[in-house]
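The values are calculated or read from the model by the stated rules, or taken from the named source; none is laboratory data. Given the structure is predicted, the values throughout are model-derived calculations rather than measurements. Note: ideal-geometry Cβ built from the backbone for every residue, glycine included; neighbour counts use all protein chains shown. Remember, those area values only see protein heavy atoms, side chains included, never the ligands or the DNA or RNA. Shrake-Rupley method; radii C 1.70, N 1.55, O 1.52, S 1.80 Å.
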Amino acid sequence: MAGVEKNILNRLYFVAGCMFVFALAVVFKLVSIQVVQGDKYRAKAEESTIDRVVIPANRGNVYSADGSLLATSVPKYDIRFDAVTPSTKTFEKYVKAFSDSLSNYNGKSVAANEKNLRKARKNKNRYYLIARDIGYSEYLRFRSFPMLSLGAFKGGLIVEQTTKREHPMGGIAQRTIGYERQDADGNYTRPGLDGAYGIKYLRGTDGSRLKQKIGKGRWKPIADYNEVEPKDGYDVYTTIDVNIQDIAHHALLEQLEKYKADHGCVVVMETKSGEIKAISNLGRNKNGHYYERLNYAVGESHEPGSTFKLMAVTAALEDKVIDTSDVVDTKKGVLSFYGKKVRDSRRGGYGKISISKAFEVSSNTGIVTAIDQHYRKNPKQFVDRLYAMNLNQLLDIPIIGEGKPFIPHPDNKKSWSGIALQWMAYGYGVSFTPLQTLTFYNAIANEGVMVKPQFLKEVKSFDEVVVPFKKEVINPQICSKETVAKVKKLLQNVVEKPHGTGHGLYSKSFSMAGKTGTCQKDYVNKEKLNYISSFAGFFPAESPKYSCIVVIHEPDKTVGYYGADVSGPVFKKIAQKIFTDNPMVDTIEKLEVVDENVESRFNKYFELAEKHITIMPNVVGLPAMDAVALLENMGLKVKMNQVGKIKKQSIKRGDKVRRNQEVILEI
Amino acid sequence: MIASSHSADTKVHEIARMSNEVKELRSAFVDGRSRLMRLKMESSIVQKVADKGIKPSLNPPQKIKVKPTTKN
């Protein structure tokens, strides 16, 4: 018996021992999890319920000079349809009406839309795209569509919202306003001002705060302050004038369409300050439509052709090697250097003419002869003069991708050649962007003060100016005042003189000055030969307020290609618009003007009115206006057929009249 | 403790809803603004009134200014 008892006790000890060891193991594990691996697990737990949430900063807006929005960030919506969610009953009930509403929106037939919806349901498509990138008002419209109005769980509506950069002006100045976009590899493309000032001003800095998961896909902030406060981006105010921009855009578009040109640009600059009032760049796509493709005005460096004659003549005048009255021989319209020919656009040339006329008729041979004569032995002097006028320098504007100007230098044997000087004289073998050319023209308009093109007025944070932008002077005097006055006169003559290439643009009511340019492009291969038609200048001619350049590439040769015909009208339209928008002010000394004529007529009328109260006066010869007043004051009823001077009256002069008597006046 | 935590949660939902509303209103504003801007551009007005025979004037408006005279 005792043996049995002992046996049981032994087993009990054994079980107890096992349980103790087990308990020990549990405690060990507990401690090891809590203490040894504790940090790791605690971190893991936090990760799944607590998150550091980025609070995106609002990107600043881009405004025009008058405060119109040019670029801003807005939510855009993608509308999708979960074709599986709606019950069969709901689907069948609403599918027809839904297709009908949809066809109102997308223009497809009701049947086609219904077919697509049914197909999506059959294929169990839970993500059928209905509309992409729509604005808020459109989004609201979709919300009211049959089926979709039932919401996400019954109707299968899926709304995805993203923030997009929007240009309220649409295609206008889009390239210059620009954007900042990141591709899949994290590389940025940054055209225009939005791109250029993205990092510096517009972006702002993102904030962040810790949040805890609380269900329904929502997160609750842990602390009641943000760990890192977001800082919204600044607003950027550009110098662009919406009205001028609108005119420039449409004037350019019209000309491009008329001449079926490849692309073109126009820039309007305020003379004194260098502020860019309008900049438009339009290029043709495959379908023949034009839209803002590239910033040609800033990025495209090309041979300027005849518009460069201004620089050549300015340099020569400044060096005092020529004067505008000097006579040059246009050599029957053909010059030859090392077997290469310089030709005039008019066959046979212009005979012997003054340099000013050579400039005004844009004689290639005339200008080339003058430059060749005086600089052949020392081309370095000519090029150095051009360099001194800052023509070989980048403008250093904020927009990324400015085209490099190019003027070969005789010291650089690689780029210099025997005909470089002569070709340079009429704008070949050198290269500028339209904006660089304009900057020079503007300097001439601005009495020789070369100012940098200014795109920004100021950077603001709400109403507070953060960074003001002031006008920057590149060169306080590119040439003497006398030279400026001379070339200004030349530019004015191009439009005003009947022989000038720009005379077709002449208008009696307002004055302009400028230079036409018709430059050959791709001239190496005669079959591909094309033209660049340009017009650069300023207005009003006497005291310039704006300068402007228009460059149109590859107009259809069968329609026309001369700078004056292709680009000139754009220039004129802008000049005219600005002219008609600004009221002409006549100042007079005082309001009381005594006109003898009026005075004597009034006295006559007054005398009649005083004298005749009941007796019919003679009104023949009086203006109808006066007669009516006179007779009606007497209480007569006047009938007449038209206005003018009275020829006949129905009541004779001197007859007594009574009130409400009818009198017929013939005119 | 539990009650206040719940009220905090409802506030979070409320804020989320309202910030969505702000976004929508902002987007409605920009939408309206951009339509207005397109409508008020001279080129679109010119098109709209062209069939009524109205076109922009070729002459600028005349402004008559009277020189202020100092009264004795």
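Normalised per residue, the accessible area of region A:83-167 is 58 Å², obtained with a 1.4 Å probe and no contribution from ligands, DNA or RNA. Just the protein heavy atoms count here, and of the accessible area of the protein assembly as shown at 1.4 Å, carbon and sulfur take up 54 percent. Other residues whose C-beta falls under 10 angstrom from the C-beta of A:GLY635 contribute a net charge of +2, scoring Lys and Arg +1 and Asp and Glu -1.
Across chain A, the mean sequence separation of Cα contacts (distance under 8 Å, 6 or more residues apart), normalised by length, yields a relative contact order of 11 percent. For region A:596-666, the tally of Lys pairs with Cα-Cα distances below 21 Å comes to 19, considering only residues 8 or more apart or on different chains. Candidates A:ALA445, A:SER543, A:LEU435 compared by Cα position along the dipole of chain A: farthest toward the positive end lies A:LEU435, with charges placed on Cβ.
Rounded to the nearest 0.05, what FRET efficiency is calculated for A:LYS648 and B:LYS55 with R0 set to 51 Å and r the Cβ-Cβ distance? Each step should come with its number before you reach the end.
On the way: r = 42 Å, r/R0 = 0.82.
Step by step, r from the Cβ atoms, then E = 0.75.
Can you tell me how the protein assembly as shown classifies by the Cα gyration tensor, rounded, prolate or oblate, using a/c under 1.5 as the rounded cut? Taking the square roots of the gyration eigenvalues as a ≥ b ≥ c, the protein assembly as shown is oblate. Simple rule: put +1 on each Lys or Arg Cβ and -1 on each Asp or Glu Cβ in the protein assembly as shown, find the dipole, and look at A:GLY107, A:ILE651, A:ILE134; the Cα lying farthest toward the positive end is A:GLY107. When accessible surface is computed with a 1.4 Å probe, chains B and A are found to bury approximately 3400 Å² between them, both chains counted. The accessible area of A:SER543, taken with all protein chains in place and a 1.4 Å probe, comes to roughly 80 Å².
Go ahead and estimate [θ] at 222 nm for chain A from helices alone: -39,500 (n - 2.57) per DSSP H run with n ≥ 4, summed, over the residue count, rounded to 500.
-10500 deg cm²/dmol
Sparse packing (at most 12 other Cβ atoms within 10 Å of the Cβ) combined with a DSSP loop state is found for the following trypsin sites (Lys or Arg not before Pro) in region A:416-496: A:LYS470. Helical content alone sets the calculated 222 nm signal of chain B at -23000 deg cm²/dmol, taking -39,500 (n - 2.57) per DSSP H segment of four or more residues and averaging over every residue.
Which entries in the list A:LYS320/A:LYS486; A:LYS341/A:LYS521; A:LYS573/B:LYS55; A:LYS489/A:LYS515; A:LYS286/B:LYS48 go over 20 Å, if you measure between the two C-alpha atoms of each?
Too far apart for the 20 Å limit: A:LYS286/B:LYS48.
Label sites at B:GLU14 and A:ASP39, each approximated as a point 7 angstrom past Cα along Cα to Cβ, lie 4.1 nm apart. From the alpha carbon centroid of region A:494-557 to that of region A:298-357 is 16 Å. May I ask you to list, by number, the DSSP H helices of chain A whose Cα span along the axis is at least 27 Å and whose average Kyte-Doolittle hydropathy reaches -1.0 or more? Result, helices passing both filters: A:2-31.
Listed by chain and number, the lysines whose alpha-carbon sits under 21 Å from that of A:LYS124, ignoring those within fewer than 8 places in the same chain, are A:LYS89, A:LYS93, A:LYS96, A:LYS115, A:LYS154. Label-to-label distance for B:ILE64 and A:ALA485 is 3.8 nm, based on points extended 7 Å past Cα in the beta-carbon direction. Would you pull out the residues with amide H under 5 Å of A:GLU275's amide H, same chain only if 5 or more places away, H placed 1.01 Å from N? Counting only residues 5 or more places away or on other chains, the set is A:GLU270, A:GLN454.
How well do other chains shield peptide B:17-26, expressed as the mean number of their Cβ atoms within 10 Å of each residue Cβ? Could the numbers behind the result be given before it?
Working: counts 0, 0, 0, 2, 0, 1, 5, 6, 1, 6.
Averaged over the peptide's residues, the number is 2.
Just how large is the dipole of the protein assembly as shown about the Cα centre, in debye to the nearest 20, putting +1 at every Lys and Arg Cβ and -1 at every Asp and Glu Cβ? Working shown, then result.
Working: 113 positive and 81 negative charges, 424 e Å.
Dipole about the Cα centre, nearest 20: 2040 debye.
Coupling constants for region A:527-543 follow from the phi torsions by the Karplus curve (6.51 cos²θ - 1.76 cosθ + 1.60, θ = phi - 60°), and in residue order they are 6, 8, 3, 9, 10, 10, 9, 9, 8, 10, x, 8, 7, x, 4, 6, 10 Hz; glycine and proline get x. With every protein chain left in place and a probe of 1.4 Å, what is the accessible surface of B:ASP31, to the nearest 10 Å²? Surface open to solvent at B:ASP31 totals about 30 Å².
Annotation: per residue accessible area for region A:596-666 equals 74 Å², rounded to a whole number [probe 1.4 Å, protein chains only].
Of all lysines in the structure, those lying under 23 Å Cα to Cα from A:LYS29, and not within fewer than 8 positions of it along the same chain, are A:LYS40, A:LYS44. A prolate overall shape is assigned to region A:470-602, the ratio a/c of its alpha-carbon gyration tensor axes (a ≥ b ≥ c) being 1.5 or greater and a/b exceeding b/c.
The distance between label points at A:LYS526 and A:VAL26 comes to 10.4 nm (points 7 Å beyond Cα on the Cα→Cβ vector). The solvent-accessible area of A:SER600, taken with every protein chain present and a 1.4 Å probe, is close to 60 Å².
For region A:244-581, the Cβ-based charge dipole about the Cα centre amounts to some 1080 debye (Lys, Arg positive; Asp, Glu negative; other atoms uncharged).
Largest to smallest in accessible area, the residues A:ILE613, A:ILE574 fall in the order A:ILE613, A:ILE574 (1.4 Å probe, all protein chains included).
Distance check, please: which entries in A:LYS488/A:LYS508; A:LYS231/B:LYS23; A:LYS200/B:LYS23; A:LYS508/A:LYS557; A:LYS471/B:LYS40 exceed 23 angstrom between their Cα atoms? The partial results should precede the final answer.
On the way: A:LYS488/A:LYS508 19 Å; A:LYS231/B:LYS23 18 Å; A:LYS200/B:LYS23 25 Å; A:LYS508/A:LYS557 30 Å; A:LYS471/B:LYS40 31 Å.
Long pairs (Cα-Cα over 23 Å): A:LYS200/B:LYS23; A:LYS508/A:LYS557; A:LYS471/B:LYS40.
Just in region A:271-360: which trypsin sites (Lys or Arg not before Pro) are loop by DSSP and have at most 14 other Cβ atoms within 10 Å? The qualifying sites are A:LYS286, A:ARG293, A:LYS320, A:ARG346, A:ARG347.
How charged is the neighbourhood of A:ASP66? Take every other residue with its Cβ under 15 Å from the Cβ of A:ASP66, and add Lys/Arg as +1 and Asp/Glu as -1. Walk me through the numbers on the way to the answer.
Working: positive: A:LYS277, A:LYS457, A:LYS460, B:ARG33, B:LYS40; negative: A:ASP235, A:ASP241, A:ASP246, A:GLU270, A:GLU275, A:GLU458, A:ASP581, B:GLU42.
After counting each charged neighbour, the total is -3.
Remark: the Cα gyration tensor places region B:2-52 in the prolate category, a/c being 1.5 or greater and a/b exceeding b/c. Ignoring aspartates and glutamates fewer than eight residues from A:LYS572 along the same chain, the ones with Cα atoms less than 19 angstrom from its Cα are A:ASP241, A:ASP246, A:GLU254, A:GLU257, A:GLU270, A:GLU360, A:GLU496, A:GLU542, A:ASP581, B:GLU42.
A dipole drawn for region A:244-581 from +1 and -1 charges on Cβ atoms has a positive end, and of A:ILE247, A:TYR561, A:TYR259 the residue lying farthest that way is A:TYR561.
What is the magnitude of the charge dipole of region A:83-167 about its Cα centre, with +1 placed on the Cβ of each Lys and Arg, -1 on the Cβ of each Asp and Glu, and no other charges, expressed in debye to the nearest 20?
400
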